Amino acid sequence: MTQETTDVAPLKRDGSLYLTGNYAPVHEEVTVFDLGVTGRIPAELSGRLLRNGPNPITPVENPVDYHWFNGTGMVHGVRLRGGKAEWYRNRFVRGSEVLATRGGPPVAGPTRGFDNSNNTNVMKIGKEVYAISEAGCLPLLLSYELETEARSDFGGTMGDAFTAHPRVDPLTGETHAVTYVPQYEKAQYQVVTTEGSVRHLVDIPLPGRPMVHDMGLTTKYAVIMDMPVTFSQAAAMSGDALPYRWDPGHGARVGLLPRHGAAEDIVWCELPGTPYVFHTGNAYDAEDGTVVMDVARYESMFHTNMLSPLDDPARFYRWTINPVTRRVTEQMLDDRAQEFPRHDERLVGRNARYAYTISSDDMPKGFTGLLKHDLRQGTVDSVDYGPGMLTMETVFVPSSEDAAEDDGWLMAYVHDATTERCDVVIRHAQDLATPVATIHLPVRVPFGFHGNWIAD
Ligand SMILES: [Fe+2]
């Protein structure tokens, strides 16, 4: 850990922002059937659009000390079938905090790990859907109706923890994860089978205890991110809600771990400068042996501002990682402020042509629009959602299993600041101008983190 420098402004950290406007929690769990729709929901969409985010279940005693990353998890879901929006549900993710506050039936499962109310992502791993978070949390198994059914450590096979950002290999259906817990100077690489057990586990020494939020997956490698936000013992001792700090002396590198390799096989490659990345887009193996990975890249993180994921936005970059020279070259793909890169997940690990992000040029108010990147042509198509309309992460759903890339639907929860309600907006990815359907939820859905389409 480097010495704290004196040439930076005092750390801005008033977390009360995250408790106001559409960051504020909702208090009720509701179930609403037969939602109103403008336009026509594509009949082939049969499944649930789920998302997860922080939603403190009890009043926050010291709002200034609150950090958005820590709020109680709440999942939201809209179920589509036969051209209809059959229901909307929201449910607290029932970790120990929720159980203590609201009671209800006990949640089965192992007690090891950090029993948090996972607030970061919700996705299918093997055959089940889990609410997931990083830094020591056990995945929480959800029912179709979003009730928390069990804590899971994948039948005792899980390593020390799991992550909010695993990648599913579309060729095998296996789930690849890079995980960490703050206590240990290491990360772990875990491969979860389609039956939901870990079959491959590698300890990766990571001195300095960096925050490792996401990963890359190519057909050959898992890409490990070791970047300069590290655990701060001093911050933890002082009771800091998020005891991580900017630590440029830590350096910044990515590691190429052969999918079936051991820690000794990792090829570490230095990054130019000291950037920070929460979220990667796609990654793939280029024909010349390099590895290409797209990222939402920050200049720094938690340097002067603990709110900086919102206050100091990321730009979209491409890293080309050369395992021979052990160098990374970077190219700015788009200089607009943006985050939450997504792509057609049938192409995880391969050279996808398109990426979809959302505009973060008006943060912390909210994400104002959708950006579609043609990575081959180097062009960007964009949509602004209009006054008072603020989008959340966009999910791509192919129009059929064998549809071409980009032939499918872009789906997002969109907050309407005028009505304080939420819409789910569906567009065809090749016709961004006009939504094909807008589903009207009679409730507000707070800004959150991540979600996915779970086909039936
Ligand atoms: Fe994330």
Original post:
Based on the alpha-carbon gyration tensor of the chain and its eigenvalue square roots a ≥ b ≥ c, which shape applies: rounded if a/c is under 1.5, prolate if not and a/b is larger than b/c, or oblate?
Top reply: rounded
Original post:
Rounded to the nearest whole Å³, what is the per residue volume of the convex hull around the Cα atoms of region 107-260?
Top reply: 107
Original post:
Expressed as a whole number of Å, what is the distance separating the alpha-carbon centroids of region 427-456 and region 72-141?
Top reply: 20
Subject >> Amide H partners (placed H, <5 Å) of Ala437, local residues excluded >> reply: Arg40, Ile426
Original post:
Where does each of Met389, Met237, Met293 land when they are ranked from fewest to most other beta-carbon atoms within 10 angstrom?
Top reply: Met237, Met389, Met293
Subject >> Full-extension gain in nm, Ala43 to Glu420, via 0.36 nm per residue minus C-alpha separation >> reply: 132.9 nm
**OP:** Quickly estimate the mean residue ellipticity at 222 nm for the chain, helices only: each DSSP H run with n ≥ 4 gives -39500 (n - 2.57), and the total goes over all residues, rounded to 500.
**Re:** -500 deg cm²/dmol
Original post:
Taking 0.36 nm per intervening residue step and subtracting the Cα-Cα distance, what contour gain separates Ala241 from His27 on full extension?
Top reply: 74.8 nm
Original post:
Let a ≥ b ≥ c be the square roots of the eigenvalues of the Cα gyration tensor of region 358-456; is it rounded (a/c under 1.5), or, if not, prolate (a/b larger than b/c) or oblate?
Top reply: oblate
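In terms of the Cα gyration tensor, with a ≥ b ≥ c the square roots of its eigenvalues, is region 58-162 rounded because a/c is under 1.5, prolate because a/b exceeds b/c, or oblate?
Oblate is the answer for region 58-162, as a/c is 1.5 or above yet b/c matches or exceeds a/b.
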Subject >> Inter-part distance where region 183-227 and region 146-180 are each reduced to a Cα centre, Å >> reply: 11
Original post:
Given a Förster distance of 25 angstrom, what is the FRET efficiency for Arg350 paired with Thr438, based on the Cβ-Cβ distance and rounded to 0.05?
Top reply: 0.15
Subject >> Pairwise centroid distance, computed over Cα atoms, of region 356-400 with region 255-326, Å >> reply: 22
**OP:** Give me the net charge of Asn52's neighbourhood, meaning all other residues with Cβ under 11 Å from the Cβ of Asn52; Lys, Arg count +1, Asp, Glu -1.
**Re:** +1
Subject >> Set of aspartates and glutamates near Lys186 by C-alpha distance (under 20 Å), chain-local residues within fewer than 8 positions excluded >> reply: Glu134, Asp153, Asp160, Asp203, Asp214, Asp226, Asp247, Glu264, Asp265, Glu270
Subject >> Chain lengthening between Asp407 and Tyr184 when straightened (0.36 nm per residue, less Cα-Cα) >> reply: 75.9 nm
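Just so you know, all these numbers are worked out from the coordinates, no wet-lab data involved. Here the structure is a predicted model, which is why all the values come from computation and not from measurement. Positions of Cβ are generated from backbone atoms using ideal geometry, with glycine treated the same way; all protein chains shown enter the neighbour counts.
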